[in-house]
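Taking it in order: structure first as structure tokens, then the write-up.
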Amino acid sequence: MSILQAIVYGIIQGIGEFLPISSTAHIILVPWLLGWKDPGVVFDVALHLGTAAAVILFFLKDWIRLITAGFSQPRSVDGRLFWLLVLATIPGGIAGVLLDQYMEIFRNPALIGVMLIVMGVILYLADKMGRSDAELESIGMRRSILVGISQALAIIPGVSRSGITMSTGRMLGMTREGIARFTFLMSAPIILADGLYHAKGIGSVPIDRMPFIVAVLTSAIVGALSIKFLLDYLKRRGFAIFAVYRLIVGAIVIAIYFIK
């Protein structure tokens, strides 16, 4: 793994983890298209630790407020939101552990291309037809559970954790910014747990330290910038641009697959 490759992977992870375009799909497709070796579990851990750091630090004040309220004033708005976030992470965590061993069957580029297109259509329709009735504070238990369950589908490359949860939230009447913030807050423990879960397999694997550090730092910095960008962007516009991107990339990937 060269420094340049570590930077490229870090940028892809930082952008794809938080924008609704699927970081896993892009991490798989880039080495497939460029002829690079698969980055392997070590760099998967590095990239996830970087984006986990990004979302935790970006929302650090929010997390301190929510955790404090969750244990001291569980019936307050912040206390209730904390426990709803805990509730919403459970389905994704269970799915990640149970289905992780089957990930290889979903890594086919043609399937990834199809899922990019399918989720692009879903994202566009959900955003177009969504009502925007509820802000973050009024998400409620039913919406939290459904958004959390939908997150389990992100195990399939091309679906995107942020893409499926934001689509679900929009279909349930959440505002764009409201469901984006809920998605980012909910993603913090999931991303961190994913990185730590896979870290158990690297004890005997030699680590090239400099590319590892570069990948962590790059994904963290780009991830924080991506979060800020999307929250600002959604104040003015919708998800159409990401849906179009997914359709174009998906079509290109499928075409290249069959040409090859």
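Read-outs: derived from the displayed coordinates by stated rules, not from any lab. This one's a predicted model, so the numbers in the text were calculated from it and none came from an experiment. All Cβ positions, even for glycine, are placed from backbone atoms using ideal geometry, and neighbour counts span all protein chains on display.
Observations, loosely collected:
- Proximal lysines relative to Lys37, as straight alpha-carbon distance under 26 Å, when same-chain residues fewer than 8 apart are discounted: Lys200, Lys260
- The Kirkwood hydrodynamic radius of segment 121-260, based on inverse pair distances between different Cα atoms, is 16.9 Å.
- FRET efficiency, Ile241 to Ile67 (Cβ-Cβ, R0 45 Å, nearest 0.05): 0.85
- Farthest toward the positive end of the dipole of the chain, out of Ile112, Ala53, Met171, is the Cα of Met171, where the dipole comes from beta carbon charges about the Cα centre.
- If you take the alpha carbon atoms of the chain and fit the smallest convex hull around them, that volume is 117 Å³ per residue.
- The trypsin sites (Lys or Arg not before Pro) of segment 54-113 that meet both conditions, a loop assignment by DSSP and at most 11 other Cβ atoms within 10 Å of the site Cβ, are Arg75.
- Amide H contacts under 5 Å for Ala134: Met174, Thr175, restricted to partners 5 or more places along the chain or on a different chain, H placed in the peptide plane at 1.01 Å from N.
- Rounded to the nearest Hz, the phi-derived 3J(HN,Hα) couplings of segment 71-76 under the Karplus curve 6.51 cos²θ - 1.76 cosθ + 1.60 (θ = phi - 60°) are 9, 9, 9, x, 8, 6, where x marks glycine and proline.
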